[in-house]
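Reading through the structure tokens given below for one structure.
The values are calculated or read from the model by the stated rules, or taken from the named source; none is laboratory data. This one's a predicted model, so the numbers in the text were calculated from it and none came from an experiment. Here the Cβ is made from the backbone with ideal geometry for all residues, glycine too, and neighbour counts use every protein chain on show. Calculation scope for accessible area: heavy atoms of the full protein, side chains included, ligands and nucleic acids excluded. Shrake-Rupley method; radii C 1.70, N 1.55, O 1.52, S 1.80 Å.
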Amino acid sequence: MKKNKFLLLAAVAVVFASCGGQQGQMGDNEYAVRTIETQSTELQTSYPAVIRGVQDVEIRPMVSGFITKMHVKEGQTVKKGQVLFEINRVTYEAAARQAKAAVNSAAAQLNTSKLTYENNQKLFANNVIGTYELQSSKNAYENAQAALAQAKANYASAKQNLDYCYVTSPANGVVGDLPYRVGALVSASSAEPLTTVSDINTMQVYFAMTEKDVLDMTKTKGGLHAAISEYPAVKLQLADGTTYGHDGKVAAVSGVIDQATGSVSMRADFPNPDHLLKSGGSGSIVVPHVSTGAIVVPQDAVVQVQDRYFVYILGGDNKVKYSPVTVNPNNDGKNYIIESGLKAGDKIVVSGVTTLKDGMQITPITEAQYQEKLKKTSQMGAHQNDLNKLKEDLTK
């Protein structure tokens with residue numbers, strides 16, 4: 001048994017020596033190098049945004065009273081004219097009946113005044129009464145007409161107040177929060193509205209751009225209106241990080257610059273056929289920027305020192321030069337667009353740049369060779385771990 005263990009340990013030692021020899025052949029001075037080429041690329045700029053419905057209408061009662069019935073629930077879709085709430089009608093029904101009775105009384109009074117006036121006209125024609133009596137009956141008749149008109153107006157007001165006990169939706173939309181319940185006393189002066197009805201078939205998304213961005217946009221397009229009409233379609237990133245399924249169109253730009261923030265308010269309209277977007281929500285407007293003839297390099301190839309950026313350019317003698325570059329502030333998190341410091345045909349180191357020094361001589365390899373090297377190194381590391389475990393088991 002001991003002899004077998006000894007033989008296995010010897011075999012393991014040979015394998016260790018073999019692995020060590022292979023590891024030494026990997027070439028520690030090898031670095032992946034890329035030849036710079038120009039290409040078309042699309043970058044994105046994000047702006048915080050607030051989502052609003054095209055029409056957000058606060059629903060408030062026109063009369064005071066207790067809520068007796070609620071016909072809707074939060075989030076329910078309603079149509080214009082649909083009843084949302086009912087307010088206690090007893091008092092307003094009584095007022096309407098009283099106003100109607102006043103109309104009937106005024107009408108009867110008017111008929112009496114009319115008969116009196118017409119009779120006095122005949123008596124005056126026969127010299128039975130004088131001008132005073134005729135004028136008095138005429139005044140009484142006109143007063144009766146005015147009294148009837150006032151009674152009818154009071155009745156119309158009472159009837160309207162009775163109708164206001166049915167609170168209806170002024171527009172198509174979706175019901176918001178319902179802060180009041182059946183039995184609550186409400187009035188037109190209540191602190192909170194009964195609810196809000198939002199038209200969310202189309203959503204208006206508000207965001208702000210810097211004054212500089214707006215100026216650049218208008219200068220290149222020849223004016224604000226032209227810039228809006230030619231502005232590319234924008235996307236909406238939702239609060240959960242997903243991208244909304246419909247593109248939006250910039251529809252309006254504020255003509256006033258916010259002095260506190262130096263920004264300009266803008267609005268993009270998005271269709272909302274599935275009612276996924278809700279009024280009051282938040283997200284980010286994503287604006288695409290297409291650049292042709294751009295030099296794009298991976299961020300791993302760039303060394304950042306405070307607010308400056310550098311790359312290692314490979315010379316003809318395989319020595320690297322620590323060179324400053326200017327990067328576009330917009331990036332996708334993986335690549336940089338180089339605005340200056342590099343040109344097509346330059347060769348740069350794209351991996352392991354943290355171990356380089358200015359003037360250092362390297363052995364350039366392709367990125368494919370570098371990835372294969374990493375793969376082999378990873379496999380050898382896993383193999384060595386297995387051997388270590390085997391050796392540990394044998395020595396027990």
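In the range 135-147 there is at least one residue that is within 60 Å of the chain's Cα centre (by Cα) and crowded, with 18+ Cβ neighbours inside 10 Å.
Residues in the range 31-75 that are within 25 Å of the chain's Cα centre (by Cα), on the phi < 0 side of the Ramachandran plot and modelled with pLDDT under 90: Glu42, Leu43, Gln44, Thr45, Ser46, Tyr47, Arg52, Gly53, Val54, Gln55, Asp56, Val57. Criterion first (open to solvent by 10 Å² or more (accessible area, probe 1.4 Å), touching a strand residue (DSSP E or B) at 6+ places or on another chain (Cβ under 7 Å), farther than 23 Å from Tyr244 by Cβ and at pLDDT 90 or above) does Pro193 satisfy it? Yes. Inclusion of Val174 among residues that are within 36 Å of the chain's Cα centre (by Cα), closer than 21 Å to Gln82 by Cβ and in contact (Cβ under 8 Å) with a residue 24 or more places away in the chain is warranted. Report, by residue number, each residue of the range 265-297 that is in a strand (DSSP E or B), more than 16 Å from Asn330 (Cβ to Cβ) and either open to solvent by less than 50 Å² (accessible area, probe 1.4 Å) or free of Cβ contacts under 8 Å to residues at least 60 places away in the same chain (or both). Within the range 265-297, Ser265, Met266, Ala268, Asp269, Phe270, Gly283 qualify. The single condition among (1) among the polar types (S, T, N, Q); (2) under 20 Å from Leu162 (Cβ atoms); (3) surrounded by fewer than 13 Cβ atoms within 10 Å (Cβ to Cβ) that Asn126 does not meet is (2).
Can you tell me which residue in the range 317-337 is modelled with the highest pLDDT, limited to those that are of a type outside the set (S, T, N, Q) and within 18 Å of His289 (Cα to Cα)? Once the filter is applied, the top-ranked residue is Val327. Answer yes or no: is there a residue in the range 79-94 that is surrounded by fewer than 16 Cβ atoms within 10 Å (Cβ to Cβ), under 60 Å from the mean Cα position of the chain (by Cα), under 30 Å from Val175 (Cα atoms) and aliphatic (A, V, I, L, M). So far as the range 79-94 goes, yes, one or more of its residues are surrounded by fewer than 16 Cβ atoms within 10 Å (Cβ to Cβ), under 60 Å from the mean Cα position of the chain (by Cα), under 30 Å from Val175 (Cα atoms) and aliphatic (A, V, I, L, M).
Of all residues in the range 316-353, exactly one satisfies the criterion of being closer than 14 Å to Ile365 by Cα, touching a Gly at 6+ places or on another chain (Cβ under 9 Å) and open to solvent by less than 50 Å² (accessible area, probe 1.4 Å), namely Val320.
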